[in-house]
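Peer 1: I have a structure here, written as C-alpha cells, and I will follow up with some questions on it.
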Amino acid sequence: MNKIRVLPDNLSNQIAAGEVVERPASVVKELLENSLDAGATHVQVDIELGGRRLIRISDNGEGMGREDAVLSFERHATSKIKTLEDLGRIETLGFRGEALASIASVAKVELITKNESETAGTKVLIEGGRLQDVKDAAHPGGTIISVRELFFNTPARRKFMRSEATENYHLASIITHYALANPGVSFVFTNNGREAMRVAPAKDLRERAYQIFGAGLIESMLRVEGGREYVANVSGYVSAPRERRTSRDSQYFFINGRFVKDKLLASALSEGFRAVLPHGSYPVAFLFLEIPLEEVDVNVHPAKTEVRFRRAEAVKDVIAEAVRKSLVNSGYIQTSIETELEKSTTENYREENYAAAIVGAEQARIEFVPEIADQPHTQNIEHLQESDSQEEVFQTDFESAATLRANGEVENISATQQNVLVKETSVYEKREYAVIPPVDSATKLVKESEVDSLTANILPIGQLHESYIIAVDSEGLLLIDQHVAHERILFDKFRKKESGRQVESQNLLLPETLDLSPAQAIAFDLVESELEALGFSLMRLSGRTIAIKSIPADIPSKEVKNLLSEILDTVDQEKRGNSIENIRDDIAASMACKAAVKVNMKLTPEKMRWMIDNLLINSAATTCPHGRPIILRLTMKDIERGFHRT
Ligand code: ADP
Ligand code: MG
C-alpha cells in the first residue's frame, strides 16, 4: 500500500494559511495589499473584537467580474503574474495568489465586488474553504471583503490569538504602515465602531506623517534624500538625535512601496547614525527605497516582509550615506570622522572636569594596562591623515571589534580589527602612547562581579572618563558603570512603587500635549492606569492627543515625551508573554533609563557614595534591567598576577 497521498485542497490551503495568516493583522495586510494592487484611492478597515469577530476591508479599486470573484479564492489564482520572467520583476504587492485561498480556509468570508464592465455586482460566500453561495448583489463598484470568525475551524491557531488589545495594536500598526507608504490614498480605520484613524489623501509623505503622528514628531524629523543609479534611491525622514527610542519599533522601511522588516536596512540606518546616538538608542525613521525590480527578490518569505537584495552591501551603503548626509546638512555631525574624533576627544578629556573628582590625585587619565603583551606597539596620530574612505572602513572595523570585545568574543576578533582597536585607542589619546593590545588579556583579568561579593567598605576614588566610578575595597579595584548602576537603583524604586508605596509626582508648569499614533493610542488605553500609578497624570484629549499634567518626580521634564512614546511603542504584550508584570517591568525599565545619570557626566564624590550605598541595598545589583553588567572587578590577586608578582 502506498503511504504518500496528495492532500485535499482544503487541507493544503489551511497549511498555507499557517504561513500567511498568522493573526488578524496579517489578514488585514493581505487585504490592504489587494486593495492597493487594485488601484484603490480610498480604503476603509473596520475591526471588531481585535479582528476575532470581524475584519472588513472596503475599497474603490477596480473590482472583479463574477468569474474572477469565484476564481480569486482558488489557490495559486492570481491576475498579477503570468510567466516565470514576471517573477523576477514583481511590480505588485501580491503575486502568489494564495492569500484569499488561505484566509477563506480558516474563516467565514463574504466578498462583494463589481468591476466596470459588469452591470451586476457579485456576492461570494465561502466558509472554511468551502464555497457556499454565489449570487447577484447590488454594489456600486470596488470590493468589500468581510472576514468573520477567524480561525473558527482551527482551534490550535485560535488559542494563539492574543488579547484584543494586543491584536489591536498590531492592526493599528499595520494600517499605519500602509497609510504611510501610500500618502495619496485616503484611509479610514474603525475599531469596535469607534474611529481610530481617518486620513484624507495627502500630497506627500511629510503631510501623511503629519496626519498620523501630529506636528510634534514631524517637526523634529530630518529629510533624507539620496541614491545611486542602478542600486537604489532612498528618501524619507529620520529623527533628529534628540528624539530617540530604545527599540527599533518606530522605524518604518518600505521597498518599492512594500512594507518590509529587514535587518540590513535597520543596520544601514544605525550605520548612518554611528557616533551620533549613544549605544542602545535608535532613531525614528520612515525610509522609502526605490530599487530596480530585478535587483530585489520579494519571493523569499511567506508574508513577503523580508526581501533579498542582489547587491546588499551597495544598498546598505546608499542608505547609510544618505542618512549621514542628512545629519551633516542639519549640523549634527561634522563632515569627517577626523573632526568627530577631535571633538569627542576634547569633550571627553577636559582634564579639569574630572581631576576634581579624583581624590588626592592629579591624574589626567587612568589607564588599565593589563597583562604584558609580546610586542607593545607605538602608535601616533599620523593615522588621522588617512583618507575619508579609509576612515570609514577603519571605524566600521573598530566598532565591530569593540562589540566583539564587549561581548567577550575576543577569539573572533581578526588581526585587522586588533590593529584597528589599538590604533583607535591611540588616535583617541592624541599623543604618543604605548598601547598594548588589550583585548584578550583584559578579559582574563577583569571580571563581572556579583553583588553578594560586595562589602560595605567600598570607597569611591574617582571617575573614569566621567562614565565609570572607580572604587576600591579590601579585595581590589572596582569599576562601576554609572548609568547602568543608577538605572538599576531606579528600576527597583519604580517597581516597588507600583506595589503600593506613595508616589512622588511633579506638576508641569504648563501641561504638555503629545500626539499619539493610532497604535500608540491603543497602547495608551492598555497602560494608562499603570502610568497613573507611577505618578503620571495624563488626560486623553480629542482624537489621538493626550495632555501630560504631571510626571514622576525622578523624570527630567524634557525627557517625558520621549519616554511616553517609548513606553507606548514597546507595549506589545506578546513580546514578553502576556503578563502585566512584564509590562510593568518594561515601563519601569524605560523610566529608569530616562531618569538615570548618563555617561560622560561628572559626578560629585557624594553622588558616587550615594550610588554605591544604594547599589548595595539593591536586590540584583550586578545586572541592569536590560541585563548589562554593572560592576567589573580587578582583584588584588589578578593585579599581582598581572604584574607577575605571583
Ligand atoms: P495575489 O494578490 O497574490 O494575486 P490573492 O489571493 O491575494 O493573490 O488575490 C487573488 C486575486 O484576486 C488577485 O490577483 C486579484 O486579481 C483579485 N483580487 C483580490 N482582492 C481584490 C480587490 N480588493 N480588488 C480587485 N481584485 C482583487
Ligand atoms: Mg494578494
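Peer 1: Which of the residues spanning segment 1-32 are charged (D, E, K, R) and buried (at least 20 other Cβ atoms within 10 Å of the Cβ)?
Peer 2: Step one: list which residues in segment 1-32 are charged (D, E, K, R), which gives 3, 5, 9, 19, 22-23, 29-30.
Listed by number, the residues that qualify are Arg23, Lys29, Glu30.
Peer 1: Separate question: What are the pairs with Cβ atoms under 6 angstrom where one residue, in segment 251-268, is more than 20 Å from Ala519 (Cβ to Cβ) and the other, located anywhere, is in a helix (DSSP H, G or I) and not polar (S, T, N, Q)? Sequence gap at least six, or different chains.
Peer 2: Gly257/Ala181; Leu264/Ala312; Leu264/Lys316; Ala268/Lys316; Ala268/Ile319; Ala268/Ala320
Peer 1: Now for a different question. Among the candidates Leu603, Leu563, single out the residue that is modelled with pLDDT of 75 or more and within 16 Å of Phe536 (Cα to Cα). Show your work before the answer.
Peer 2: On the way: Leu603 fails: within 16 Å of Phe536 (Cα to Cα).
Only one candidate qualifies: Leu563.
Peer 1: Could you please give the count of residues in segment 49-73 that are within 13 Å of ligand 2 (Cβ to nearest atom), under 18 Å from Ile126 (Cβ atoms) and part of a loop (DSSP other than H, G, I, E, B)?
Peer 2: Selection size over segment 49-73: 3.
Peer 1: Of all residues being β-branched (Val, Ile, Thr) and at pLDDT 90 or above in segment 160-190, which is surrounded by the most Cβ atoms within 10 Å (Cβ to Cβ)? Just the residue, please.
Peer 2: Step one: of segment 160-190, the residues β-branched (Val, Ile, Thr) are 166, 174-176, 185, 188, 190.
The next check asks that each one be at pLDDT 90 or above; those that pass are 174-176, 185, 188, 190.
Values: Ile174: 21, Ile175: 26, Thr176: 22, Val185: 23, Val188: 17, Thr190: 16.
Selected residue: Ile175.
Peer 1: Six or more apart or on different chains, Cβ atoms under 6 Å: show the pairs whose first residue is in segment 131-157 and charged (D, E, K, R) and whose second is assigned to a loop (DSSP other than H, G, I, E, B) and surrounded by fewer than 16 Cβ atoms within 10 Å (Cβ to Cβ).
Peer 2: Asp136/Ala120
Peer 1: Only one of Thr113, Thr166, Thr122 is within 16 Å of ligand 2 (Cβ to nearest atom) and in contact with an Asp or Glu (Cβ under 9 Å, 6 or more places away or on another chain); which? Spell out the reasoning first.
Peer 2: Details: Thr166 fails: within 16 Å of ligand 2 (Cβ to nearest atom); Thr122 fails: within 16 Å of ligand 2 (Cβ to nearest atom).
Thr113 is the lone residue from the list that is within 16 Å of ligand 2 (Cβ to nearest atom) and in contact with an Asp or Glu (Cβ under 9 Å, 6 or more places away or on another chain).
Peer 1: Can you pull out the residues in segment 77-127 that are more than 8 Å from ligand 1 (Cβ to nearest atom), closer than 18 Å to Ser26 by Cα and of a type in the set (Asp, Glu)?
Peer 2: Passing the criteria: only Glu110.
Peer 1: What is the number of the single condition among (1) touching a Phe, Trp or Tyr at 6+ places or on another chain (Cβ under 6 Å); (2) within 26 Å of Pro518 (Cβ to Cβ) that Ser163 does not meet?
Peer 2: Unmet condition: (1).
Peer 1: Of all residues in segment 74-106, which are surrounded by fewer than 18 Cβ atoms within 10 Å (Cβ to Cβ), near ligand 2 (Cβ under 10 Å from one of its atoms) and outside any loop (DSSP other than H, G, I, E, B)?
Peer 2: none
Peer 1: Taking the residues in segment 21-37 that are among the charged types (D, E, K, R) and within 19 Å of Ile255 (Cβ to Cβ) as candidates, determine which candidate is farthest from ligand 1 (Cβ to nearest atom).
Peer 2: From segment 21-37, those among the charged types (D, E, K, R) are 22-23, 29-30, 33, 37; that's our starting set.
Cutting the leftovers down to within 19 Å of Ile255 (Cβ to Cβ) gives us 29-30, 33, 37.
On the way: Lys29: 10, Glu30: 6, Glu33: 6, Asp37: 6 Å.
The extreme case among them is Lys29.
Peer 1: When you look at Ser12, is it under 27 Å from the mean Cα position of the chain (by Cα) and in contact (Cβ under 8 Å) with a residue 60 or more places away in the chain, yes or no?
Peer 2: On the way: under 27 Å from the mean Cα position of the chain (by Cα): no; in contact (Cβ under 8 Å) with a residue 60 or more places away in the chain: yes.
So Ser12 fails the test.
Peer 1: Kindly provide the set of residues from segment 63-76 that are within 8 Å of ligand 1 (Cβ to nearest atom), in contact with a strand residue (DSSP E or B) (Cβ under 9 Å, 6 or more places away or on another chain) and free of Cβ contacts under 8 Å to residues at least 60 places away in the same chain, ordered by number.
Peer 2: Within segment 63-76, Asp68, Ser72, Phe73 qualify.
Peer 1: Okay, next question. For Ile480, state whether it is modelled with pLDDT of 90 or more, in a strand (DSSP E or B) and over 30 Å from His170 (Cβ atoms). Spell out how you get there, then give the answer.
Peer 2: Details: modelled with pLDDT of 90 or more: yes; in a strand (DSSP E or B): yes; over 30 Å from His170 (Cβ atoms): yes.
So Ile480 fits the description; yes.
Peer 1: Given the residues Asp452, Asp473, which is the only one that is under 26 Å from Ala588 (Cβ atoms), acidic (Asp, Glu) and either at pLDDT below 90 or more than 33 Å from the chain's Cα centre (by Cα) (or both)?
Peer 2: Values: Asp473 fails: under 26 Å from Ala588 (Cβ atoms).
Result of the check over Asp452, Asp473: Asp452.
Peer 1: If you take the residues of segment 506-552 that are hydroxyl-bearing (Ser, Thr, Tyr), more than 22 Å from Ile218 (Cα to Cα) and touching a strand residue (DSSP E or B) at 6+ places or on another chain (Cβ under 7 Å), which of them is surrounded by the most Cβ atoms within 10 Å (Cβ to Cβ)? Reasoning before the result, please.
Peer 2: Taking segment 506-552 first, the residues hydroxyl-bearing (Ser, Thr, Tyr) are 513, 517, 529, 537, 542, 545, 550.
With more than 22 Å from Ile218 (Cα to Cα) added as a condition, the list becomes 529, 537, 550.
From what's left, touching a strand residue (DSSP E or B) at 6+ places or on another chain (Cβ under 7 Å): 537, 550.
On the way: Ser537: 15, Ser550: 17.
Looking at the filtered set, the residue picked out is Ser550.
The values are calculated or read from the model by the stated rules, or taken from the named source; none is laboratory data. Just so we're clear, the structure is a prediction, and the values are computed from it rather than from any experiment. Neighbour counts are summed over all protein chains in view; Cβ atoms, including those assigned to glycine, are modelled from backbone coordinates with ideal geometry.
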